[in-house]
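To keep things clear, I will list the structure first and then write my remarks on it.
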Amino acid sequence: MQSDQHLVGLIGAGIGASLSPALHEREAARQGLRYEYRLLDIGELGVEPEQVGDLLGAARADGYSGLNVTHPCKRAVVEHLDELSPAAAQLEAVNTVVFHDGRAVGHNTDTTGFAESFRRGLADVALDRVVLLGAGGAGAAVAHAALSLGVDRLTIVDMEPEAARALAERMASDRAEPGDLYELADADGLIHATPVGMAAHPGLPLPAELLRPDLWVAEVVYRPLETELLRRARELGCRTLDGGGMAVFQAAGSFELFTGLEPDRDRMLADFAELAEPVGTR
């Protein structure tokens, strides 16, 4: 029997600007649920990423229905779970934990969230050669999504080369390989999946001279919605995809896992558009 009352939360660092609470709570209210979404910022709590298991245990004891997990805990949380969905097991990264019958089950809705956003925003772009920058939890999900979208050759780049190699191996596909940013010279597109560009980590994640007008650029960061990378890319004339769609569609997937109810994704997109507006323009 489905419950009409849910307590959920988000574990991560620098998450004060997250729109997840509002996205979840608005959709829940429309569906007649009593729903509270809390932010559990490890920086404010004085908790290291490796201690995410302690937060998990406390949430389970407090009666949470589940948790979302973001940077830098998506991979650290895995060892503290009782079970993983097939996708989460392959990626070794989790962004959603559901508590059910005394068990903590890890899922990953980032993959489907990015794929749906990409289909809506960059459906007709070339996918022969794509560079993915970032081999962490978000990068793992996006790598899986990119291959499912039909990318023919995915070059994975990370400031830690071993992380890129390990992710390419986990993809278990001859279409994924580690490499470096200079592969962009022959690439059709760039997917950015590191924290650089977030409000807490401003800046460019790569030298601006590597961008060119015929390169499409997809971003996973959504706070701010226009990162420095997207701004530079748009100035050059690149086709771009911001991180807003991924944020909405992963949230919708998590909402369904927490509640067992199907969210209205278009309605949540409209919520996001309103919530993401600069305060002075509302």
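The values are calculated or read from the model by the stated rules, or taken from the named source; none is laboratory data. As the structure is a computational prediction, the values presented were derived from the model and not from experiment. All Cβ positions, glycine included, derive from the backbone under ideal geometry; neighbour counts span all protein chains shown. What goes into the accessible areas is simple: the full protein's heavy atoms, side chains included, and nothing from ligands, DNA or RNA. Shrake-Rupley method; radii C 1.70, N 1.55, O 1.52, S 1.80 Å.
For the residues ARG231, ARG175, ARG170, the requirement of being without any contact (Cβ under 8 Å) to a residue 24 or more places away in the chain and over 16 Å from the mean Cα position of the chain (by Cα) singles out ARG231.
Here GLY106, GLY14 are screened, and the one residue that is within 21 Å of ALA138 (Cα to Cα) and at pLDDT below 95 is GLY14.
Tell me, which residue of the stretch 257-282 that is farther than 14 Å from GLY245 by Cβ and in a loop (DSSP other than H, G, I, E, B) is modelled with the lowest pLDDT? Among those that are farther than 14 Å from GLY245 by Cβ and in a loop (DSSP other than H, G, I, E, B), it is ARG282. Here ASP124 fulfils each of the conditions (1) within 23 Å of GLU50 (Cα to Cα); (2) at pLDDT 95 or above apart from (1). Scanning the stretch 209-228 for residues that are free of Cβ contacts under 8 Å to residues at least 40 places away in the same chain and either in a loop (DSSP other than H, G, I, E, B) or out of contact with any His (no Cβ under 9 Å at 6 or more places or on another chain) (or both) gives GLU209, LEU210, LEU211, ARG212, PRO213, ASP214, LEU215, VAL221, PRO224, GLU226, THR227, GLU228. Taking the stretch 17-43 as the search range and keeping residues that are among the aliphatic types (A, V, I, L, M) and closer than 22 Å to CYS73 by Cβ, which one is most open to solvent (accessible area, probe 1.4 Å)? Within the stretch 17-43, the match that is most open to solvent (accessible area, probe 1.4 Å) is LEU39. Restricting attention to the stretch 137-167, the residues being touching a residue at least 12 places away in the same chain (Cβ under 8 Å), open to solvent by 30 Å² or more (accessible area, probe 1.4 Å) and of a type outside the set (A, V, I, L, M) number 9. If you go through the stretch 243-262 one residue at a time, do you hit one that is surrounded by fewer than 14 Cβ atoms within 10 Å (Cβ to Cβ) and touching a residue at least 12 places away in the same chain (Cβ under 8 Å)? Yes, the stretch 243-262 has at least one match.
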